[in-house]
Structures are given as structure tokens and as C-alpha cells.
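Remarks on the structure that follows.
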Amino acid sequence: MVKLGRGGTMQELEAYLAERAEYLARCEPHVCIVDAREVHMPAACLRQRYSEWLRENEAALRRWTLGTAYIAQTPAVQMMVSVMRHVARMTMPFVVTSTMPPAAAWAAERFQEVGLLQAATRIRTQYAVPAS
């Protein structure tokens, strides 16, 4: 789970992208939950950098990411997430919710679908989400 702050600086984005790169380097299936509830509308340079990173890492993302759950409260940020993923041609599953419980439940389901039951149980336990 990655929590993005209100400030939305390039330094924060690069730290997030470095963390995502570490997950990809493990060469293990994973789900990413991005908590962007505090984010309003990120600057164009941040949106551009994120879209570039998605394109640069497309092969590894497709191979190892089971999906991404974005938590965003404003309709503008929710729409922005969908547009950036479309521009970057990301076809892995994703969901945009406004709260953590549905994001965690969705993430657990992705693990369960591929037989990673221990990971699904861990997510459900950590976020107090009932089994589906």
C-alpha cells in the first residue's frame, strides 16, 4: 500500500516509482493499493512523469502486477487515474474506489483468483475485509 500526500511533489512521485520498481524487480505477482485520498489535482508534470513510467515499465507491469486499486475521493482525480492508464495503454485490471475497504477487498480477490490464498487472507486480515 502506497499513500500519496497532498503536496504531490516530483520527489514524492519519484520515491513512489522507485518503490514500485523494487516490487517489479522481485519478479513476483503482486497487487498495488494506491491511497490518493489526499491528492487533489496533480500538476501536469507529475501526470506526464507517471504516464511515462507506466509506458517504460509496461512489460514488467503486465507480467507481475495482478492489478492496482486506487483510492481517490474526488471525481477529478478518479477520472485522471483512468485517463492516465488509458494514455499509457495499461490493460491490467484496476479499480478506483473512494475508501479503503472496497480497495482491499478487490486486491484480495485478485490474489485469490490466481491461487495466492495466503496473500488474499493477509490482505483481508490486515484491512478487516470479510472473505468473498
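The values are calculated or read from the model by the stated rules, or taken from the named source; none is laboratory data. Note that the coordinates shown come from a computational prediction; the quantities given were computed from them, not determined experimentally. All Cβ positions, glycine included, derive from the backbone under ideal geometry; neighbour counts span all protein chains shown.
Quick notes on this structure:
- Looking only at residues of segment 39-76 that are assigned to a loop (DSSP other than H, G, I, E, B) and not polar (S, T, N, Q), we find that the one that is farthest from residue 96 (Cα to Cα) is 43.
- Sole exception among (1) farther than 15 Å from residue 35 by Cα; (2) surrounded by 12 or more Cβ atoms within 10 Å (Cβ to Cβ) for residue 96, by number: (1)
- Cβ pairs under 8 Å, 6+ apart, first in segment 94-105 and at pLDDT below 90, second of a type outside the set (A, V, I, L, M, F, W, C) and assigned to a strand (DSSP E or B): 94/67; 94/68; 94/70
- Qualifying residues in segment 1-26 (those that are assigned to a helix (DSSP H, G or I) and among the small types (Gly, Ala, Ser)) - the one modelled with the lowest pLDDT: 15
- Criterion (in contact with a Phe, Trp or Tyr (Cβ under 6 Å, 6 or more places away or on another chain) and among the hydroxyl-bearing types (Ser, Thr, Tyr)) met by exactly one of 99, 125, 68, 9: 68
- Candidate set: segment 47-93, residues that are charged (D, E, K, R) and surrounded by 17 or more Cβ atoms within 10 Å (Cβ to Cβ); chosen: the one farthest from the chain's Cα centre (by Cα): 47
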